[in-house]
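Read through the structure below, which is laid out as structure tokens, and then see the notes.
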Amino acid sequence: MDALIYLDTHVVVWLYLPKLDSLSELARTEIEHRDLLISPMVTLELQYLHEIGRLTVDSSQILHSLSAQLGVRTCDLPFPQVIERAVAQHWTRDPFDRLIAAHALAADRPLLTADETIRANCPQAIW
């Protein structure tokens, strides 16, 4: 098993800013020792946050920077495989959270998130 971990959107933002003091000690350790992946849904959520004015840069600038600095990559699991896991996630109506969690579940990899709701409902989630 390779050392992959998925990052939730807020973790990506905190790495980009950088706002490393917002990360838990475990999160910093995981980021240092694992290959970093994001769901394509993170890209969409970053762009949405830019469009509504919560981020000053667009998703491509954030991801280009983190790819160069930390090797962050976008997951390429087949979308139907992710959707199969997402439809079983009844704990949220948030499509971003649902698909981000589903990516980690479908890949059977951890998801790094500070979101307590995700952690309470997604066995792959850690903080």
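The values are calculated or read from the model by the stated rules, or taken from the named source; none is laboratory data. Since the structure is predicted, the reported quantities are computational estimates derived from the model, not experimental observations. Backbone-built Cβ (ideal geometry, glycine too); neighbour counts: all protein chains shown.
Observations on the structure shown:
- Checked against (1) within 14 Å of the chain's Cα centre (by Cα); (2) over 23 Å from E116 (Cβ atoms), V42 passes all but condition (2).
- Residue in region 73-85 that is in contact with a Ser or Thr (Cβ under 8 Å, 6 or more places away or on another chain), at pLDDT 95 or above and over 16 Å from P40 (Cα atoms) present: no
- Cβ-Cβ contacts under 6 Å between residues 6 or more apart (or on different chains), taken from a first residue in region 18-45 that is part of a helix (DSSP H, G or I) to a second residue that is loosely packed, with under 11 Cβ neighbours inside 10 Å and β-branched (V, I, T), are absent.
- Boolean, D8 is surrounded by 20 or more Cβ atoms within 10 Å (Cβ to Cβ) and in contact (Cβ under 8 Å) with a residue 12 or more places away in the chain: yes
- Extreme residue, surrounded by the most Cβ atoms within 10 Å (Cβ to Cβ), among residues of region 117-127 that are more than 12 Å from the chain's Cα centre (by Cα) and assigned to a helix (DSSP H, G or I): R119
- Region 46-63 - residue that is of a type in the set (S, T, Y) and part of a helix (DSSP H, G or I) and, of those, surrounded by the most Cβ atoms within 10 Å (Cβ to Cβ): S59
- Scanning region 64-78 for residues that are assigned to a helix (DSSP H, G or I), under 16 Å from the mean Cα position of the chain (by Cα) and not hydroxyl-bearing (S, T, Y) yields a count of 3.
- Flag for H103 being in a helix (DSSP H, G or I), under 11 Å from L7 (Cα atoms) and either among the β-branched types (V, I, T) or out of contact with any Gly (no Cβ under 8 Å at 6 or more places or on another chain) (or both): yes
- When A107, A88, A68, A114 are checked against the criterion of being surrounded by fewer than 18 Cβ atoms within 10 Å (Cβ to Cβ) and in contact (Cβ under 8 Å) with a residue 60 or more places away in the chain, A114 stands alone in meeting it.
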